[in-house]
Amino acid sequence: FAFIKASEGADHRDREFGRNWDAARQAGVARGAYHFFTFCTPGAAQAENFISAVDGSFGELPPVADVEFAGNCRQWESIDRIRQELRSFLARLEESAHVRPILYFTADAHARILEGHFDGYPIWPRSVLLPLSESRFGSWLFWQFADNGRVSGIDTLVDLNVFRSARVDFDSLVASGRAAD
């Protein structure tokens with residue numbers, strides 16, 4: 001599987017998304033699109049950018065909201081406002097994709113923004129230094145365990161991730177994504 005960056009904020013689109021998206025499909029890789037959620041932009045506008053960037057098709061895997069402080073804007077109003085805009089983003093995304101989005105996050109974003117406020121969403125923690133435990137984040141769907149991997153056909157370093165459950169569960173997740181398109 002591969003999650004491919006499609007967009008960021010209300011107006012940025014990844015220039016390589018279409019090429020990467022098509023190449024993953026041609027290689028037979030189950031695909032999902034992700035959006036880097038910015039803290040200084042209304043969630044509804046970000047959702048529309050993401051939906052438009054993927055041309056309404058999120059692939060075989062649920063869409064992802066990437067929530068982290070690194071690389072984000074610095075003039076955000078408050079954590080409560082970030083949560084409010086993230087809720088708006090997720091609601092619009094779920095309405096469009098017909099499936100609950102996945103929340104990708106760093107430990108800092110989890111502790112400061114998500115913990116106790118977004119229960120019920122599938123989660124994808126990034127934890128490259130510490131082992132992952134349910135006591136730390138809860139029950140996860142995907143886990144990013146490295147950010148320095150090599151994959152045949154890709155010239156740059158890539159993030160390495162694992163799906164939590166059995167192949168049959170992954171196949172079911174992919175099938176539900178295909179039904180949503």
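The values are calculated or read from the model by the stated rules, or taken from the named source; none is laboratory data. Source: prediction; values computed, not measured. Here the Cβ is made from the backbone with ideal geometry for all residues, glycine too, and neighbour counts use every protein chain on show. Areas reflect the complete protein model, heavy atoms only, side chains present, ligands, DNA and RNA absent. Shrake-Rupley method; radii C 1.70, N 1.55, O 1.52, S 1.80 Å.
From the list 153, 120, 138, the lone residue that is in contact with a strand residue (DSSP E or B) (Cβ under 8 Å, 6 or more places away or on another chain) and either open to solvent by 30 Å² or more (accessible area, probe 1.4 Å) or not hydroxyl-bearing (Ser, Thr, Tyr) (or both) is 138. When you scan segment 61-71, do you find a residue that is part of a loop (DSSP other than H, G, I, E, B), touching a residue at least 24 places away in the same chain (Cβ under 8 Å), small (Gly, Ala, Ser) and farther than 20 Å from residue 1 by Cβ, even just one? Looking for residues that are part of a loop (DSSP other than H, G, I, E, B), touching a residue at least 24 places away in the same chain (Cβ under 8 Å), small (Gly, Ala, Ser) and farther than 20 Å from residue 1 by Cβ, one finds at least one in segment 61-71, hence yes. Does residue 44 fit the bill of being part of a strand (DSSP E or B), in contact with a helix residue (DSSP H, G or I) (Cβ under 9 Å, 6 or more places away or on another chain) and among the small types (Gly, Ala, Ser)? Judged against the criteria, residue 44 is not a match. Note on segment 80-106: among residues that are assigned to a helix (DSSP H, G or I), open to solvent by 40 Å² or more (accessible area, probe 1.4 Å) and not basic (Lys, Arg), the one that is nearest to residue 43 (Cα to Cα) is 88. Within segment 51-61, at least one residue is touching a Ser or Thr at 6+ places or on another chain (Cβ under 7 Å) and at pLDDT 95 or above.
Of the listed requirements (1) crowded, with 21+ Cβ neighbours inside 10 Å; (2) of a type outside the set (Asp, Glu); (3) under 27 Å from residue 164 (Cβ atoms), residue 70 misses just one: (1).
Taking segment 107-135 as the range and being more than 18 Å from residue 87 (Cβ to Cβ), part of a loop (DSSP other than H, G, I, E, B) and not small (Gly, Ala, Ser) as the test, the residues that pass are 128, 129, 130, 131, 132. Scanning segment 30-60 for residues that are within 13 Å of residue 17 (Cβ to Cβ) and among the polar types (S, T, N, Q) yields 49, 52, 57. Can you tell me which condition residue 147 does not meet? The list is (1) in contact (Cβ under 8 Å) with a residue 24 or more places away in the chain; (2) farther than 19 Å from residue 9 by Cβ; (3) surrounded by fewer than 14 Cβ atoms within 10 Å (Cβ to Cβ), and all the others hold. Going through the list (1) in contact (Cβ under 8 Å) with a residue 24 or more places away in the chain; (2) farther than 19 Å from residue 9 by Cβ; (3) surrounded by fewer than 14 Cβ atoms within 10 Å (Cβ to Cβ), residue 147 breaks only (1). Residues in segment 9-34 that are touching a residue at least 40 places away in the same chain (Cβ under 8 Å) and either of a type outside the set (Phe, Trp, Tyr) or surrounded by fewer than 22 Cβ atoms within 10 Å (Cβ to Cβ) (or both): 6 in all.
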